[in-house]
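First the structure, in the form of structure tokens, and then the observations on it.
Bear in mind these aren't lab numbers, they're just calculated from the coordinates by the rules spelled out. Everything quoted here is computed from the prediction, not taken from an experiment. All Cβ positions, even for glycine, are placed from backbone atoms using ideal geometry, and neighbour counts span all protein chains on display.
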Amino acid sequence: MNFDDQLRRYFGTDDLATIAPTTLETGIDRMRVDFGMEKDKGRRFALWTLMFMFGAAPDLDVAFDNEADRNTARDFMDMMDKAAGA
């Protein structure tokens, strides 16, 4: 999954600065639906990370069935915190 492609798919643009609030809300809703229907483990994780970056990811115990996937998500969250300087 390419980040810019996903932005275009869910928000109609790859320029974050141009996403209107209503478009953001609609795109996040579409991501949630796709996440719930996705069966591929890698694509599902990629959707979760995108939702996480928008502050809309489901809790880890809801999103992932097994501990290994939850730990991978925690690692991603830690990397994002470090990248943000937290």
**Complete:** Taking a crude spin-label model, label points 7 Å out from Cα along the C-beta direction, the Phe54 to Arg32 distance in nm is 1.1 nm
**Complete:** Per-residue ellipticity at 222 nm attributable to helices in the chain (runs of n ≥ 4 DSSP H, -39500 (n - 2.57) apiece, nearest 500 deg cm²/dmol) works out to -21500 deg cm²/dmol
**Message:** Need one number: the % of Cα-Cα pairs in the chain sitting beyond the 19 Å mark.
**Reply:** 39 percent
**Message:** Between helix 21-37 and the chain, what is the angle of the helix's C-alpha long axis to the longest principal axis, kept within 0 to 90° and rounded to the nearest 10?
**Reply:** 40 degrees
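What's the extension gain from Ala17 to Lys41 if we count 0.36 nm per residue and subtract their Cα-Cα distance?
This chain segment gains 5.6 nm when fully extended.
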